[in-house]
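Heads up, the thing below is written out as structure tokens.
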Amino acid sequence: MVSVSAYAQAIVLLPFVSFVVALFARDNLPKGGAYSGIAATAGSLLLSLATLAAVYGGRTVNETFYTWAVGTGAQDWTLSFGALIDPLSALMLVIVSLIALLVHVFSLGYMNDEGEEDLPRYYAGLGLFTASMLGFVIADNLLMAFMFFELVGLCSYLLIGFHFREPGPPSAAKKAFLVTRFGDYFFLIGVVAVFTTFGTAAFAGAESFPHLAEAALGGDATVWTPGNMAESTWFTIVGLLVLGGVIGKSAQFPLHTWLPDAMEGPTPVSALIHAATMVAAGVYLVARMYGFYVLSPTAMGIIALVGGFTALFAATMGVVKQELKQVLAYSTISQYGYMMLALGSGGYVAAVFHLTTHAFFKALLFLGAGSVIIAMHHVEDMWEMGGLKNKLPVTYWTFLAGSLALAGIFPFAGFWSKDEILYETLIHGLNEPLLLIGYVFGLLAVPVTAFYTFRMVFLTFHGEPRSDLARDPHPVRWNVKGPLSVLGVLAVVTGGINLVPVKKVLGIKGIDVLHKWLNNDWGGIEGLSSHHYAKIGPYESGYLFGGEAATVIAGAAVSLTLALAGLALAWRLYGVADPAEHTAKLGQIRELLYNNYYQDEYQVRIADAVRDAASGADTFDQGVVDGVVNGVSSVSLLSSERIRRVQTGIVGNYALLLTLGLTTLLVVFALIGGWFQ
Amino acid sequence: MSDSEESAVAINPGAAAVALFGVLAGIILSSAAGFPTPAGFPADAAIVTNIGYALFDIGEGTVPVEGFLATFLIIGIALDVALDSAVYLAKREDDGTIISALTGGGNEVVDGEVAGTADTEAEAGLDHGGDD
Amino acid sequence: MVPVEYYLLLSSAVFCIGLYGVLTRRNALYFLMSVELMLNAANINLIAFSLMWGNLTGQTFALFTIALAAAEVAVGIGIILVLYRNFGDIDVMDAATMRW
């Protein structure tokens, strides 16, 4: 019997092998490396499912594979690679490998069938992207997580800039890399701070940093803090430093600006980035070290507020966008805002639940958008579309399922997860005014989400075709329809893994599978369970209308009503045969929204303000650092240019040199041997 | 390389040989006292016969020597190879399709002629040395 | 019996004469002859030490060296022929194409 930890390594290595194969075999591969990528991710998916089954059977993993550095003296830290397979990471493994597999298959239709150039590079990027995300998921310590986090960022850079000969993608890729890098800088400091404070960066076990932090706050252990700072304050600071990386990767306000630009990448890549890999990494990281965050009410409050604000803020920008993928980009930001809100308000399970359902329906929406883009010959402006419903039935119905899930309409997956987030926020917020603000943000985002989602659906699929392309769309093949169908089904039914409201209202036991799963009901690692987090967390629950069931019904009713209201408004405005633009009615707000609240502008202004410092650093780099390097090389170039003159090619010169050398040697030996002594 | 360096080398490279001789002679003479008196060979020993024994490892000799049969055979083969290669190098392709293995600078042997080289009678005379 | 250092002096003299030829002559045939001289200097050394130790190995070795010298001349002449074909001359200074 192969152990679970061996599975874990194989899961990560398979896509990596496909990356290496695509990198070195290049033009010798059929379909530019698509098949090896599909095979590798399919293998990863099977092994992930086996891992899931193993965790279901109570077999978890927390072990170190490879220690690559051991400290000495007081800093006896070990830096290592290892795997932590618990219910959370097993679930995430399945999500990531499933989405990656479907994206690979979809790429056959989106990239190969469209005759894109340089496919091995594309598939190499996808393989490395998948491998780094899977490595990040199984990471058992913060440093390993950081390393794979950076790899994920690198891959997003490579893939967003895939069409590097056009002007837009390279710039978007650089922006994505630099903005997330800015957040990662804080993350790196956070990693160092964790090491200095706890001497370990492990996520789980008795020697892990969440556990040590808990013990330190309880007075059972002592840890290093700078300048005798109170432990709780210091933990908050460390948590917020790591949160910097999360905000960058998960595109939370104010570091969300890279994500809409990242739409320049190929659409399957967008699906991968948004649903399963890059953006999910941030939220997953918070969930992974949740035991550390719950110790700090301040950090939790900040997470909740940032998340809630981002949810609403991004949703409003999605309302006016003209391009299909732009709308989806802002909805992604908004949805990850919800997850952060859930994490910040103690809804650990709700966040993971939304992460799961969102992965499916957002991958579905992006792949659906990709299908529409193929059909429209790469025109993305929704005002050029319309009436595609009958031409692309599979795309339409699956896209509709994804949209209903995104809008949070009963009984699609998004409804259950979003409702649980709002419910958790509400019950914890009743005793915590700060969370109530987050709840209001989240609630307000619901109708906006429904509105922009269905504006998108109506503009794209309904009404009369508004261009020649839309009248005669390009057909799509099985490799597009297949992934869409799988995800369409998942977007409808995934909500079923966690029917908490039904349980609470009707009292049916055992249908909140995800709650039990994350609560280690089938086995897990001590200290990484939702009840443990709830126990050490800062929040208490409060209920409205005198009871749990009543609160559930009230919350769900409010959010569903708001979602339906948004949907109805979208229907009224855009669900007609020949819709017109209504953005003029927004007045001055319209300009604000079109310009994304001038976020890019003010960030550019901040960047400009530090230009002097940057140019100073540039001078130092060019002059001193490069000067030394160039100096060394030019010295060796020059001297070799001179010395090679010795090689004249004339035999006599060589003989002369030999003679002189022999003479010199003889004289030297003679002197050593006793002449003149 | 500058002209002055080249001429400096061309003027008197033989001086290096003289200098080497000076050094060698100095070393030999200064260490002459360290050499033992030559042992020499027995007066009645037949040196040539002994060398013949040594070449074929016969071991009948009276003067101390080692066996050299293997060396003898190897040298024989080496001589053969050297002669063959000399023949090969001297060979000329009359149909002019083969580029000599040692042709330098990309010169091609065309119709028995070196491209860019004037034909001479001496060359034709040399031709007979290697072939057939 | 003649002390061995005289043989050595003779040998080094022959060697340096050969070397002088190599260093100063431009004609490849002179070159070959000079190399021959240097080889024979080595032979003198071998025979001198053979005499010094009363052992015939050195003399046998000198025989082999003579055989090798024959081989070397054979190849050398061949090379000179090719040199002549390629450069139209047997001046060793002309054959300077095998360098960087």
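Among the residues of the stretch A:239-262, is any small (Gly, Ala, Ser) and open to solvent by 30 Å² or more (accessible area, probe 1.4 Å)?
Looking for residues that are small (Gly, Ala, Ser) and open to solvent by 30 Å² or more (accessible area, probe 1.4 Å), one finds none in the stretch A:239-262, hence no.
Can you pull out the residues in the stretch A:273-285 that are at pLDDT 85 or above and hydrophobic (A, V, I, L, M, F, W, C)?
A:Val279, A:Ala280, A:Ala281, A:Val283, A:Leu285
Could you please give the count of residues in the stretch A:196-228 that are assigned to a helix (DSSP H, G or I), within 25 Å of A:Tyr66 (Cα to Cα) and among the hydrophobic types (A, V, I, L, M, F, W, C)?
Total satisfying the criteria: 3.
Output the residues belonging to the stretch B:38-90 that are open to solvent by 60 Å² or more (accessible area, probe 1.4 Å), under 24 Å from C:Val2 (Cβ atoms) and more than 7 Å from chain C (Cβ to nearest Cβ).
Passing the criteria: B:Pro42, B:Ala43, B:Asp44, B:Val48, B:Thr49, B:Thr62.
Just a yes or no: is a residue in the stretch A:601-614 open to solvent by 60 Å² or more (accessible area, probe 1.4 Å), of a type in the set (A, V, I, L, M), part of a helix (DSSP H, G or I) and touching a residue at least 60 places away in the same chain (Cβ under 8 Å)?
So far as the stretch A:601-614 goes, no, none of its residues is open to solvent by 60 Å² or more (accessible area, probe 1.4 Å), of a type in the set (A, V, I, L, M), part of a helix (DSSP H, G or I) and touching a residue at least 60 places away in the same chain (Cβ under 8 Å).
Limited to the stretch A:639-662, what total is found for residues that are at the interface with chain C (Cβ under 9 Å from one of its Cβ atoms), open to solvent by 60 Å² or more (accessible area, probe 1.4 Å) and β-branched (Val, Ile, Thr)?
Of the residues in the stretch A:639-662, 1 are at the interface with chain C (Cβ under 9 Å from one of its Cβ atoms), open to solvent by 60 Å² or more (accessible area, probe 1.4 Å) and β-branched (Val, Ile, Thr).
Would the stretch C:74-93 turn up any residue that is more than 10 Å from chain B (Cβ to nearest Cβ) and within 18 Å of A:Leu656 (Cβ to Cβ)?
Looking for residues that are more than 10 Å from chain B (Cβ to nearest Cβ) and within 18 Å of A:Leu656 (Cβ to Cβ), one finds at least one in the stretch C:74-93, hence yes.
Return yes or no: is A:Leu569 under 19 Å from A:Ala315 (Cβ atoms), part of a helix (DSSP H, G or I), away from every other protein chain (no Cβ under 14 Å) and open to solvent by 60 Å² or more (accessible area, probe 1.4 Å)?
yes
Assess whether C:Thr97 counts as being without any contact (Cβ under 8 Å) to a residue 40 or more places away in the chain and in contact with an Asp or Glu (Cβ under 9 Å, 6 or more places away or on another chain).
no
Looking only at the stretch C:53-62, which residues are at negative phi and either in contact with a strand residue (DSSP E or B) (Cβ under 6 Å, 6 or more places away or on another chain) or at the interface with chain B (Cβ under 7 Å from one of its Cβ atoms) (or both)?
Listed by number, the residues that qualify are C:Trp53, C:Asn55, C:Leu56, C:Thr57, C:Gln59, C:Thr60.
Only one residue in A:Phe136, A:Phe106 is touching a Phe, Trp or Tyr at 6+ places or on another chain (Cβ under 7 Å) and either under 30 Å from A:Ala173 (Cβ atoms) or part of a loop (DSSP other than H, G, I, E, B) (or both). Which one?
Checking each option against the conditions leaves just A:Phe136.
Take the conditions part of a helix (DSSP H, G or I), charged (D, E, K, R) and in contact (Cβ under 8 Å) with a residue 12 or more places away in the chain and apply them to A:Glu63. Does it pass?
No: the conditions fail for A:Glu63.
So which of A:Tyr122, A:Tyr66 ends up being within 16 Å of A:Pro268 (Cα to Cα) and among the hydroxyl-bearing types (Ser, Thr, Tyr)?
A:Tyr122
Mind listing just one residue for me: the one in the stretch C:26-52 that is more than 14 Å from the chain's Cα centre (by Cα) and closer than 25 Å to C:Gly88 by Cβ and, of those, farthest from the other protein chains (Cβ to nearest Cβ)?
Restricting to residues being more than 14 Å from the chain's Cα centre (by Cα) and closer than 25 Å to C:Gly88 by Cβ, the top hit is C:Asn27.
Among the numbered criteria (1) among the hydrophobic types (A, V, I, L, M, F, W, C); (2) modelled with pLDDT of 70 or more; (3) in a helix (DSSP H, G or I), which one does B:Ala124 miss?
All conditions pass for B:Ala124, except number (2).
Mind checking which residues of the stretch A:210-262 are acidic (Asp, Glu) and modelled with pLDDT of 80 or more?
Correct list: A:Glu214, A:Glu231, A:Asp261.
Given A:Thr196, A:Thr180, which one is hydroxyl-bearing (Ser, Thr, Tyr) and buried (at least 18 other Cβ atoms within 10 Å of the Cβ)?
Answer to the selection: A:Thr180.
What helices (runs of 4 or more DSSP H), lying completely within the stretch A:471-562, carry at least 2 residues that are free of Cβ contacts under 8 Å to residues at least 12 places away in the same chain, open to solvent by 30 Å² or more (accessible area, probe 1.4 Å) and out of contact with any Ser or Thr (no Cβ under 9 Å at 6 or more places or on another chain)?
A:500-506
Mind checking whether some residue in the stretch A:75-89 is loosely packed, with under 15 Cβ neighbours inside 10 Å, more than 14 Å from A:Gly135 (Cα to Cα) and hydrophobic (A, V, I, L, M, F, W, C)?
Checked against the condition, which is being loosely packed, with under 15 Cβ neighbours inside 10 Å, more than 14 Å from A:Gly135 (Cα to Cα) and hydrophobic (A, V, I, L, M, F, W, C), the stretch A:75-89 yields no hits at all.
State all residues of the stretch A:583-642 that are hydroxyl-bearing (Ser, Thr, Tyr) and within 30 Å of A:Tyr452 (Cα to Cα); if no residue qualifies, say none.
Scanning the stretch A:583-642 gives A:Thr583, A:Tyr594, A:Tyr597, A:Tyr598, A:Tyr602.
It is to be established whether one or more residues within the stretch A:447-468 are surrounded by fewer than 24 Cβ atoms within 10 Å (Cβ to Cβ) and hydroxyl-bearing (Ser, Thr, Tyr).
Yes.
Go through the stretch C:3-25 and count every residue that is within 8 Å of chain B (Cβ to nearest Cβ) and either charged (D, E, K, R) or open to solvent by 70 Å² or more (accessible area, probe 1.4 Å) (or both).
Number of matching residues: 3.
A:Gln335 fails exactly one of the following numbered conditions: (1) buried (at least 24 other Cβ atoms within 10 Å of the Cβ); (2) of a type in the set (S, T, N, Q); (3) farther than 23 Å from A:Glu264 by Cβ. What is the number of that condition?
(3)
Checking the conditions here, which among A:Gln326, A:Gln322 is open to solvent by 10 Å² or more (accessible area, probe 1.4 Å) and in contact with a strand residue (DSSP E or B) (Cβ under 8 Å, 6 or more places away or on another chain)?
A:Gln322
Among the residues of the stretch A:52-73, what is the count of those that are within 24 Å of A:Gly199 (Cβ to Cβ) and surrounded by fewer than 12 Cβ atoms within 10 Å (Cβ to Cβ)?
The number of residues fulfilling the criteria is 7.
Before we move on, is A:Ala25 open to solvent by less than 60 Å² (accessible area, probe 1.4 Å), closer than 19 Å to A:Ser89 by Cα and in a helix (DSSP H, G or I)?
no
State whether one or more residues within the stretch A:378-397 are surrounded by 24 or more Cβ atoms within 10 Å (Cβ to Cβ) and among the polar types (S, T, N, Q).
Looking for residues that are surrounded by 24 or more Cβ atoms within 10 Å (Cβ to Cβ) and among the polar types (S, T, N, Q), one finds at least one in the stretch A:378-397, hence yes.
The values are calculated or read from the model by the stated rules, or taken from the named source; none is laboratory data. Source: prediction; values computed, not measured. Quick reminder, even Gly has a Cβ in these numbers, built from the backbone with ideal geometry, and neighbours come from all protein chains shown. Each accessible area value is taken on the protein alone, full model and side chains, heavy atoms only, with ligands, DNA and RNA left out. Shrake-Rupley method; radii C 1.70, N 1.55, O 1.52, S 1.80 Å.
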